Amino acid sequence: MPRAGIYARISSDRDGQQLGVRRQLEDCEKLAERKGWQVVERYIDDDVSAYSGHKRPDYRRLLGDLRSGLIDSVVVWHLDRLHRQPKELEEFFEVCDSSGVRNLASVTGDVDLANDDGRFMARILGAVSRKESDDKSRRIKRKALELAQAGKIAGGGTRPFGYESDRKTIRPEEAEVIRECAHRVLAGESLRSVCSDLIERGIPTVSGGEWKTQTLRTILMSGRISGQREHHGELVAQAEWPGIIDPSETARIRALLSDPERRTNRTARRYLLMRLLRCGLCGETLVSRPKTGGARAYVCAKGPNFSGCGRISVLADSLETFVVEAVLYRLDSPEFAAALSGRGEDVEALPWQQELDEAQFRLDELAETYGERAITLSEWLSARKPIERRLAAAKKLLAERTRASVLGEHVGKASDLRDLWSDLPLTRQRSIVAAVLDHVVVGPARRGYNRFDPDRFQPVWRV
Ligand SMILES: [Zn+2]
């Protein structure tokens with residue numbers, strides 16, 4: 001008479017379809033009796049999901065007993081109780097092969113381990129139960145999305161800066177700080193500079209720790225402060241709590257802070273024209289490099305990690321003075337005012353924001369259609385492309401509009417700006433220059449000419 005072991009497992013399914021372990025055992029015992037198998041051992045793993053890769057001590061014991069010959073048959077309620085990973089299933093086949101075990105019965109259908117069809121079926125069943133498990137986690141994700149789309153509060157833990165711990169009531173004094181920081185960053189000040197100021201003024205963070213650029217960045221980039229609910233970083237709905245700043249400001253902050261041109265580092269902080277100079281001989285971007293003796297310079301760098309020609313070098317101080325003068329002059333020119341007018345920030349940002357939202361919505365809709373298998377993978381991918389292009393274009397334009405808004409207050413008032421220029425933080429100076437100037441082409445120096453030579457420089461204006 002075959003000596004059978006019964007394997008039962010409680011998984012952590014939460015949707016009510018879970019069979020109690022007692023019911024699994026009862027059904028299996030009846031099945032063994034019907035088959036004329038003697039049940040010699042019961043193996044039960046408690047509340048552990050095989051799918052999540054946790055260890056199952058009794059499953060290991062079952063394999064051991066199969067190897068040693070204590071049992072030669074296995075009864076389970078359904079194959080998904082036994083394995084959920086293909087690797088485990090193959091190991092099980094191996095143990096059965098080496099110890100001559102052929103009997104595997106399940107309440108929902110037997111598998112003949114001796115033939116390929118049976119094994120094939122076991123593999124298919126394994127794949128199906130994995131998919132069901134995936135569907136389950138998809139349902140949980142779906143639920144999270146529904147909550148997000150309804151604008152409901154997410155998460156617990158530390159209260160968000162600007163709000164009380166109910167996450168809905170605004171804290172006026174912190175809201176004021178948020179508004180101030182948003183305006184300063186939109187005006188081109190760096191996160192670092194704003195943070196230092198907050199620290200100096202003794203304004204506390206939520207945790208009581210010191211302000212870090214990352215903390216400030218997270219707050220300012222969040223949809224929360226403009227009363228918008230986020231889901232995986234995307235703004236999905238109007239939230240059930242009030243905003244502190246305007247949604248259009250959030251859109252501009254996001255465009256500004258995620259603009260790759262913005263990435264600053266220590267060097268950029270000392271060099272006003274970083275990334276704004278191009279070699280007139282080879283077209284490469286000049287890099288900053290102090291000369292021996294300490295004078296700052298920009299050079300077309302050659303050698304490891306650099307692809308320049310190495311034939312251009314220009315002293316930083318005089319060139320920077322020249323470019324700043326040119327920028328200030330440009331700010332006062334009538335063409336410039338004309339180019340900038342009609343680029344009013346709020347009026348202009350809105351349509352682009354709508355375009356962004358719409359493109360994102362179309363992408364989500366497509367993903368859903370593909371998820372429902374209504375279109376093929378290649379149809380999905382090719383339908384995505386034009387929308388992604390639209391999305392990228394809209395993001396770029398929004399970033400440009402934002403850049404224009406950096407200048408708003410200075411247009412036509414360059415002499416005021418000139419007076420306070422040297423007191424502005426370098427990041428602010430940089431953002432004003434970069435808003436006006438696309439780049440400057442730097443030509444080679446004239447041999448034997450030692451004075452500053454404006455003919456070497458050809459500015460290309462952005463506006
Ligand atoms: Zn070059």
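What follows is calculated from the coordinates using simple rules that are stated; it is not laboratory data. This structure is a prediction, so every number in the text was calculated from the model and none was measured. Positions of Cβ are generated from backbone atoms using ideal geometry, with glycine treated the same way; all protein chains shown enter the neighbour counts.
Some observations on this one:
- Whether region 172-262 is rounded, prolate or oblate, judged on the alpha carbon gyration tensor where a/c under 1.5 counts as rounded: oblate
- Glu146-Glu91 FRET efficiency (beta carbon distance; Förster radius 41 Å; 0.05 resolution): 0.55
- From least to most packed, judged by other beta carbons within 10 angstrom and beginning with the fewest, Arg229, Arg311, Arg34 follow the order Arg34, Arg311, Arg229.
- On the basis of the beta-carbon distance and an R0 of 45 Å, Ile199 and Asp166 show a calculated FRET efficiency of 0.95.
- For Thr158, Thr218, order by how many other beta-carbon atoms lie within 10 Å, fewest first: Thr158, Thr218
- Order of Ser422, Ser318, Ser248 - criterion: other Cβ atoms within 10 Å of each residue's Cβ, fewest first: Ser422, Ser318, Ser248
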